[in-house]
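Everything on this sheet refers to the single structure shown next.
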Amino acid sequence: ELKVEQNPLFLSMQEGKNYTIYCNYSTTSDRLYWYRQDPGKSLESLFVLLSNGAVKQEGRLMASLDTKARLSTLHITAAVHDLSATYFCAVGRTQGGSEKLVFGKGTKLTVNP
Amino acid sequence: GAVVSQHPSWVICKSGTSVKIECRSLDFQATTMFWYRQFPKQSLMLMATSNEGSKATYEQGVEKDKFLINHASLTLSTLTVTSAHPEDSSFYICSATSWGRGVAFFGQGTRLTVV
């Protein structure tokens, strides 16, 4: 059974600081996703990581993937208040012709002024 | 990215009634749609996978007679919560994809409250 563990679950940080969210998964996967969710809203896709060593950056967020360690990280650089949200990683596995996603529990990020 | 529209965004219903939630892919043909449930402050749990024209595949522990899924066309899937109870109150989210598209796109979610 594929398990996805995310940590920390809660993260409170000050503006301007850097931090990393970790996502570990238990078995090999096809893809690794990062999503953002604002309160009461659906998921916003941030990154899709396809292969070992993949690194993607968008603004203050950078995601990386180490398939050998079964680890992905989401690094936040010089955080700003607008980044406050819950971040989910999800691991995709193809079963029966379609890719199913297994989500981590999410990291609630609060950026304080 | 592609657009997936979910309707309604929120619904309140009485216990014992049924509620239908629609998920539409607006600019592509979705061969596969997924339905998730998210309880407050928790993660998304996959309920079922539906492929156009065939019966949905339900995840373990999800009652197929309670959560009826229909994927009759390449742009529409529906989830009907039958005989709803307060414990069915949750945020329901659909996602859609197609062969060759790779990633799935999420609808905006439906907040169901059963009173």
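Any read-out appearing in this document is the output of simple, stated calculations on the displayed coordinates, not a laboratory observation. What you see is a predicted model; the values in this text were computed from it and never measured. For neighbour counting, all protein chains shown are included, and Cβ atoms are generated from backbone atoms with ideal geometry for every residue, glycine included.
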What is chain B's relative contact order, in percent, from Cα pairs under 8 angstrom and six or more apart in sequence?
37 percent
Rounded to 5, percent antiparallel among DSSP beta bridges of the protein assembly as shown:
90 percent
Can you list, by residue number, the Cys in the protein assembly as shown that have no neighbouring cysteine C-beta under 4.7 Å?
B:C13
Enumerate the calculated ³J(HN,Hα) couplings along region A:47-54 in order (Karplus 6.51 cos²θ - 1.76 cosθ + 1.60, θ = phi - 60°), each rounded to whole Hz, writing x wherever the residue is Gly or Pro.
9, 10, 10, 9, 9, 4, x, 5
If you restrict to DSSP beta bridges whose two residues both lie in chain A, what percentage is antiparallel, to the nearest 5?
90 percent
If I take every Cα pair under 8 Å that is 6 or more residues apart in region B:34-89, average their sequence separation and divide by the length, what percent do I get for the relative contact order?
23 percent
Determine the shape class of region A:1-83: with a ≥ b ≥ c the square roots of the Cα gyration tensor eigenvalues, call it rounded for a/c under 1.5, and otherwise prolate if a/b is greater than b/c, oblate otherwise.
prolate
Relative to the compact-globule estimate 2.2 N^0.38 Å (N residues), the Cα gyration radius of region B:39-115 stands at a ratio of 1.13
Rg over Rh [alpha-carbon atoms, Kirkwood Rh] for region A:46-113:
1.02
Within straight-line cross-link reach of B:K14, lysines at Cα separation under 23 Å, skipping those fewer than 8 residues along the same chain:
B:K64, B:K66
With the alpha-carbon atoms as the only input, what is the per residue convex hull volume for the protein assembly as shown in Å³?
119 Å³
Counting only DSSP loop positions in region B:9-115, the chymotrypsin sites (Phe, Trp or Tyr not before Pro) whose Cβ has at most 11 other Cβ atoms within 10 Å are B:W99
Can you pull the Kirkwood radius for region B:1-94, inverse mean 1/r over Cα pairs, to one decimal in Å?
13.6 Å
So what's the gap between the Cα centers of region B:1-52 and region B:73-115, to the nearest angstrom?
1 Å
